[in-house]
């Protein structure tokens, strides 16, 4: 079962409306990739960058790293070649879901998948930004059906991903730090997804991260 919730999905579909293209021609295309956290902040990023970039992203949850890797060709066909990619995989890999085997994607498999995704993205553009995975609320059990998460494991998977990004010269947008700084203020009731304040803060961080490429 996906960690996305009906409240988070908010009917997000392909962004970058036809009327926007007419009003703001020749904007660079920014592709956002990630799970339901990404889906929740994407509409805010679209609005914040509407005069500077065409922001697009899958209407579906990009889930775990293997799913993203296998879906890239389909998404590129849908949206066209991006100029900039802002990307995360992590919570669906590090999270334990006992309806699958293995319940948790092994760290070495996760890193290997990320490396393959980087290779695929670099064939499209050199302007790639990696986003670290956000934490969960440590004071309460996460209320997401079939999933359990541990913050120490999220940190470990983030550290491995960041090490790879440094090796590959991919800049890192530390959304984990953004949320950790206000972890009592940024979570929704399920203790995993972000509330309005958290989504706004992450959107601001994404605008800043991709802004240097615009």
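Assorted remarks:
- You will find that of 191, 159, the residue that is without any contact (Cβ under 8 Å) to a residue 24 or more places away in the chain and farther than 30 Å from residue 52 by Cβ is 159 and no other.
- Any helices (runs of 4 or more DSSP H) falling wholly within segment 36-143 and containing at least 2 residues that are touching a helix residue (DSSP H, G or I) at 6+ places or on another chain (Cβ under 6 Å) and surrounded by fewer than 21 Cβ atoms within 10 Å (Cβ to Cβ): 36-48, 65-79, 107-122
- Within segment 165-178, considering residues that are touching a helix residue (DSSP H, G or I) at 6+ places or on another chain (Cβ under 6 Å) and outside any loop (DSSP other than H, G, I, E, B), the one surrounded by the most Cβ atoms within 10 Å (Cβ to Cβ): 175
- Residue in segment 179-190 that is at pLDDT 95 or above and either under 14 Å from the mean Cα position of the chain (by Cα) or under 14 Å from residue 86 (Cα atoms) (or both) present: yes
- For segment 39-55, the count of residues that are more than 28 Å from residue 212 (Cβ to Cβ) and more than 17 Å from the chain's Cα centre (by Cα) is zero.
- Here the condition is being under 20 Å from residue 107 (Cβ atoms) and either part of a strand (DSSP E or B) or out of contact with any helix residue (DSSP H, G or I) (no Cβ under 9 Å at 6 or more places or on another chain) (or both); of 159, 191, it holds for 159 alone.
- Filter result (modelled with pLDDT of 95 or more, more than 23 Å from residue 199 (Cα to Cα) and touching a strand residue (DSSP E or B) at 6+ places or on another chain (Cβ under 7 Å)) within segment 134-170: 165, 170
The values are calculated or read from the model by the stated rules, or taken from the named source; none is laboratory data. Small disclaimer: the values here were computed from a predicted structure and weren't measured. Every residue, glycine as well, gets a Cβ built from its backbone with ideal geometry; the counts of neighbours run over all protein chains shown.
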